[in-house]
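The values are calculated or read from the model by the stated rules, or taken from the named source; none is laboratory data. Keep in mind that what you see is a predicted model, and the values were worked out from it rather than measured. Note that each Cβ is placed from the backbone with ideal geometry, even for glycine, and that neighbours are counted across all protein chains shown.
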């Protein structure tokens, strides 16, 4: 199905070895519920690739619009992290984060797996919009979303960001998110997907493929 709202926040990270259990418990019981409790946050998702050597986790937060990510309610949370957040977040590694304006989003339902394709050039965004209908027709693909990152929204200085001082906060320019029925079905389509984006600016995106782990709608 289309993403809820007109904007989304995409995050990738690892955690210090030995911290996965704590991270998953914190993220499920506190962090996603806290985030979707912020006005304008509509849904939070966590994905995982247990075989990945880098950026094992992918998180997606759907929001009404970009202003949610720099609004007072969200900034209040970012600048007043809970004790549990203060314990877990310094253990983040290989952190990438981007607040995105949604350019196109469509499909049916929520897939069991997600492919993420990060591009370093913003010009890839509009071209991805043109590819989206064809990608959505691929067998096993359930949804396609394209976003353009907004650095002015992403790169705000907050107390949570200061807690991640040990890992460089990296960003990106454009992003394609492709949902599939499951890892098997999405993996089968990845050669076709990679061939489709090969002619785009920065046609060698950073690619991840993740299984759905936890999804929670806002109230």
Practice task
Would you mind finding the one in 62, 76, 67 that is closer than 20 Å to residue 149 by Cα and surrounded by fewer than 15 Cβ atoms within 10 Å (Cβ to Cβ)?
Solution key: 67
Exercise for the section: Answer with yes or no whether residue 47 is at pLDDT 95 or above, crowded, with 17+ Cβ neighbours inside 10 Å and over 15 Å from residue 4 (Cβ atoms). Expected result: yes
Exercise for the section: Return a yes/no flag: does the range 79-89 have any residue that is in contact with a strand residue (DSSP E or B) (Cβ under 6 Å, 6 or more places away or on another chain), surrounded by 15 or more Cβ atoms within 10 Å (Cβ to Cβ) and touching a residue at least 60 places away in the same chain (Cβ under 8 Å). Expected result: no
Practice task
With the condition kept exactly as written, say whether any residue in the range 179-195 is within 25 Å of residue 30 (Cβ to Cβ) and touching a residue at least 40 places away in the same chain (Cβ under 8 Å).
Solution key: no
